[in-house]
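Structure, as structure tokens:
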There are 2 protein chains.
Amino acid sequence: MESTYDRLRELIVSGAYPPGQRITEQDLCVRLTVSRTPVREALHRLESDGLVRGERRGVSIVELDGKALADAYRIRAALEALTAELAAHRQLAGELPPAALTRLARLAEAADQTTTSGDLAAGVRHNRAFHRHVAVLADNPQALAMLDRIWDQIIVSTRASLAAPARPATVDEEHQRLITAISEGRPAEAATAARDHVLATLAAQPDPDTGGAP
Amino acid sequence: MESTYDRLRELIVSGAYPPGQRITEQDLCVRLTVSRTPVREALHRLESDGLVRGERRGVSIVELDGKALADAYRIRAALEALTAELAAHRQLAGELPPAALTRLARLAEAADQTTTSGDLAAGVRHNRAFHRHVAVLADNPQALAMLDRIWDQIIVSTRASLAAPARPATVDEEHQRLITAISEGRPAEAATAARDHVLATLAAQPDPDTGGAP
DNA sequence: TTGCGCTCGACTGCATGCAATGTATACGTT
DNA sequence: AACGTATACATTGCATGCAGTCGAGCGCAA
């Protein structure tokens, strides 16, 4: 059985409620056909997750502005650099089964193919699956959980401006560089590759506004 | 008014419930003199925070084992490297008021003095305040929030083995190196100093067991 | 005595009802 | 006509009651 929290989270992440949307508990009760108690609980947990924000009246889907989005990407870069480094280190220690690496390559290929073919939603999904698998290889469950949260936040806030990446070839190139660094057990290079890749993605955001004052 | 979630969190972080302790909602109801509804909600949020863990029956305070503790420290190292780098970068851009830096130095001194004088609890508190201020200077609220969560987890799981640091002088030396790197606007050095400092703290843990199998 | 099954109890999850609070609107006053 | 105030409504937070579920302890049989 799926919890109300999971269902609501899925709704938000999948874009059923656009960022900035104001929601009341009552609305969700009829939408999910449950009582207010589990809805209340779910909303508060999602607030801890940074997906919704408590307003004076009700809650609203968080929309990260330019600065907050840049902050999130920098965190993601730091964490993915860590997971990539750990994954490469495990490879160096001979702790990674070969199947895990071939799977990584397959995920990268799937991400590249779908993106190139124009299926943006599937491209994002496969891209995330690729990055997520790196974190799985790192064998650090807490880092994986944190990255999942950050990814959800970013997905919600960038869905509206989801456009065809102007540089699919570059993205795949960066993925390959990361795969190679991990496969050949070079932690430092893996970390750098992951960090640079994420920061490049940030730089490619349509409305950076990475500056300061509003 | 303080929410039940905040009160319960404070109880756990302050060590009122030792790690591994089994708790039922009913117990907390009488302890906090509230109904089960807010208690339930608080427990689930704390589970998201990684402070409690849902058991088959009730919940228990999480106790990170050697591997999980090492994982947490590595995440902390990565995030603190990021915040230190950002803080140094802001200093380079002239965005840091001088008062912020003097405050940083004062916090480091307080941490050093209390630790050296043998007041372990106060030492931990001041030490955390010092590190937290670096994250504040970084001006990345999400990173600050993540670090707060990690710190709470680490505090709960290391309270039992809280012993006098065998190397107070080294700790202060590392703090000074970090302060200098930030004050003089050297992001790369600040990042390295922060990372090394945290990883050194990990290495100083009494029961590392950073290896693999149990 | 030991192993298995059953029944009782405890605990969690959800729905509903009530009280408190803040907001928006409408009315009266200046 | 504009502003201040009061009232009514919407909405949140909490307490309580009920049903379902899982575990523990006890009894019975081999």
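Laboratory data are not the source of any read-out in this text; all were calculated from the coordinates shown. It should be emphasised that the depicted structure is a prediction, and the values quoted were computed from it without experimental measurement. Ideal geometry is used to build each Cβ from the backbone, glycine not excepted, and the neighbour counts take in all protein chains shown.
In percent, rounded to a whole number, the relative contact order of the range A:66-203 is 45, using alpha-carbon pairs under 8 Å and six or more apart.
Take the protein assembly as shown, drop everything but the C-alpha atoms, weight them equally and run the Debye formula without solvent; then report log10 I(q)/I(0) at 0.12 Å⁻¹ to two decimals. Debye output, listed in q order: -1.13. Size estimate for chain B follows the Kirkwood approach: the inverse of mean 1/r over distinct Cα pairs works out to 18.3 Å. So how far, in whole Å, is the C-alpha centre of the range B:24-57 from the one of the range B:58-119? Result: 29 Å between the Cα centres.
Each copy carries B:L11; placing its label point 7 Å along the C-beta direction from Cα gives inter-copy distances of 3.2 nm, listed from smallest up.
Residues whose amide H comes within less than 5 Å of that of B:V59, counting only those at least five positions distant or on another chain, are B:I23 (H built at 1.01 Å from N in the peptide plane). For the range A:4-61, the convex hull drawn through the C-alpha positions has a volume of 68 cubic angstrom per residue.
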